[in-house]
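Down below is the structure, laid out as structure tokens.
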Amino acid sequence: MVSDAMNGCLCLMVVPGFVRLPSARQLTVQMMQNPQILAALQERLDGLVGSPSGYMESLPKVVKRRVNALKNLQVKCAHIEAKFYEEVHELERKYAALYQPLFDKRSDIVKAAYEPTEEECEWKADEEEELTVSKQEEMKEKAKVEEEKKDEEKEDPKGVPEFWLTVFKNVDLLSDMVQEHDEPILKQLQDVKVKFSDPGQPMSFSLEFNFEPNEFFTNTLLTKTYKMRSEPDENDPFSFDGPEIMGCTGCTIDWTKGKNITLKTIKKKQKHKGRGTVRTVTKTVPNDSFFNFFTPPDVPESGDMDEDTEAVLAADFEIGHFIRERIVPRAVLYFTGEAIEDDDDDEGEEEGEEENDPDYDPKVGRRAYC
């Protein structure tokens, strides 16, 4: 005996002598395995998205008035929250000034402007990394031999060679941007800094990339500025959830003639429509490069963008925020790979949380103050 209900999905199990109804769990499993039922459910759910539940409409007029008063209070809360984030920005600016001397010293060590003392170079391993005395001695002796061998093979390197290039290549978000032809230039990158807008100015931050003189461009400083907004949208105040990056501006790179790696020359054959002759035409077209980072697309004043531009800007904002929030403060840990392990652990803990957040946009990622 089989029921025709749900297009044959709900089945009665027949046993000689009696009929046993399936359990609720078995019914659910059978329903979820039927594509027609799933499609019908999805269609119904799609129709409910954004639809009022009807509860508000059922309330008495006097209660609706009071709910409107509560919503007005919520708008005021959003404006207070905006002020809170403005003060957070001021506090961040204050502490950035305290961090900067340490970052400056980091830069001096990387570019060999300062040689750290023995005391500064001494590093105490974590308990988990501690080994027996004999093992330590064995490893020290082995390391000494290897160092002597390296010293024989090449001259003593200055500073920390390829520091920032290694950092970028160790981070998936940035390594995808770095092309092989970018590497000789990024080897000349000496420091990356974050600069915040001055007090009283619109909220923003700039990324400063300091290069030593090189054969590729005459700039020694490349910048990227991100403009931020920390105020509720008048048309949708309840959507406010902290500062958002609203746009960014790059800088002009003064490329040496023939060294612009953001462009490439291709040859294309063209056939003359009338004569049928074929000629070779040389064209200059955009080329994939990390340095395209400094020429982002413009954000129209109207805010209307096509999907491709929106996707490019969303990725750009995520990269800019990540460099500011993670790369610059913890550069040495990305150089050694330790921060990458920490990031992987964080992703494991947060997996699934973002998908359940109705305000999460996978194209943009987290907001500036998450």
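The values are calculated or read from the model by the stated rules, or taken from the named source; none is laboratory data. Keep in mind the model is a prediction, meaning the values are calculated, not measured. Heads up, the Cβs are rebuilt from the backbone with ideal geometry, glycines too, and the neighbour counts pull from every protein chain shown. Ligands, DNA and RNA are excluded from the accessible area calculation, which covers all protein heavy atoms including side chains. Shrake-Rupley method; radii C 1.70, N 1.55, O 1.52, S 1.80 Å.
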What number of residues within the stretch 163-196 satisfy the criterion of being touching a residue at least 60 places away in the same chain (Cβ under 8 Å) and in a loop (DSSP other than H, G, I, E, B)? 4
Step by step: first the residues of the stretch 227-239, then only those that are part of a helix (DSSP H, G or I) and open to solvent by less than 70 Å² (accessible area, probe 1.4 Å), then the one that is modelled with the highest pLDDT. Which residue is that? Pro237
The stretch 194-222 - residue that is in contact with a Leu (Cβ under 7 Å, 6 or more places away or on another chain) and not hydrophobic (A, V, I, L, M, F, W, C) and, of those, nearest to Gly242 (Cα to Cα): Glu208
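Quick check: anything in the stretch 122-143 more than 15 Å from Val192 (Cα to Cα), at pLDDT 90 or above and not in a helix (DSSP H, G or I)? Reasoning before the result, please.
Step one: of the stretch 122-143, the residues more than 15 Å from Val192 (Cα to Cα) are 122-143.
When the remaining residues are screened for being at pLDDT 90 or above, the result is 122.
Narrowing further to those that are not in a helix (DSSP H, G or I): 122.
So far as the stretch 122-143 goes, yes, one or more of its residues are more than 15 Å from Val192 (Cα to Cα), at pLDDT 90 or above and not in a helix (DSSP H, G or I).
Of the residues in the stretch 248-263, how many are in a loop (DSSP other than H, G, I, E, B) and either open to solvent by less than 60 Å² (accessible area, probe 1.4 Å) or closer than 30 Å to Met203 by Cβ (or both)? Break it down into steps so the answer makes sense when it comes.
From the stretch 248-263, those in a loop (DSSP other than H, G, I, E, B) are 250-254, 256-262; that's our starting set.
Now drop any that are not either open to solvent by less than 60 Å² (accessible area, probe 1.4 Å) or closer than 30 Å to Met203 by Cβ (or both), which leaves 250-254, 256, 260-262.
Looking only at that region, the number is 9.
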So which of Asp308, Asp316 ends up being acidic (Asp, Glu) and either part of a loop (DSSP other than H, G, I, E, B) or without any contact (Cβ under 8 Å) to a residue 24 or more places away in the chain (or both)? Asp308
Note on Pro296: of the conditions (1) in a loop (DSSP other than H, G, I, E, B); (2) free of Cβ contacts under 8 Å to residues at least 40 places away in the same chain; (3) closer than 21 Å to His181 by Cβ; (4) not basic (Lys, Arg), unmet is (2)
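Among the residues of the stretch 197-226, what is the count of those that are assigned to a loop (DSSP other than H, G, I, E, B) and either under 21 Å from Lys111 (Cβ atoms) or under 21 Å from the mean Cα position of the chain (by Cα) (or both)?
Here is the first cut: in the stretch 197-226, the residues assigned to a loop (DSSP other than H, G, I, E, B) are 197-203, 212-216, 218-220.
Filter again for either under 21 Å from Lys111 (Cβ atoms) or under 21 Å from the mean Cα position of the chain (by Cα) (or both), leaving 203, 212-216, 218-220.
Number of matching residues: 9.
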Can you report the number of residues in the stretch 301-345 which are within 16 Å of Val171 (Cα to Cα), at pLDDT below 90 and open to solvent by 60 Å² or more (accessible area, probe 1.4 Å)? 4
Given Lys267, Lys271, which one is touching a residue at least 12 places away in the same chain (Cβ under 8 Å) and open to solvent by 60 Å² or more (accessible area, probe 1.4 Å)? Lys267
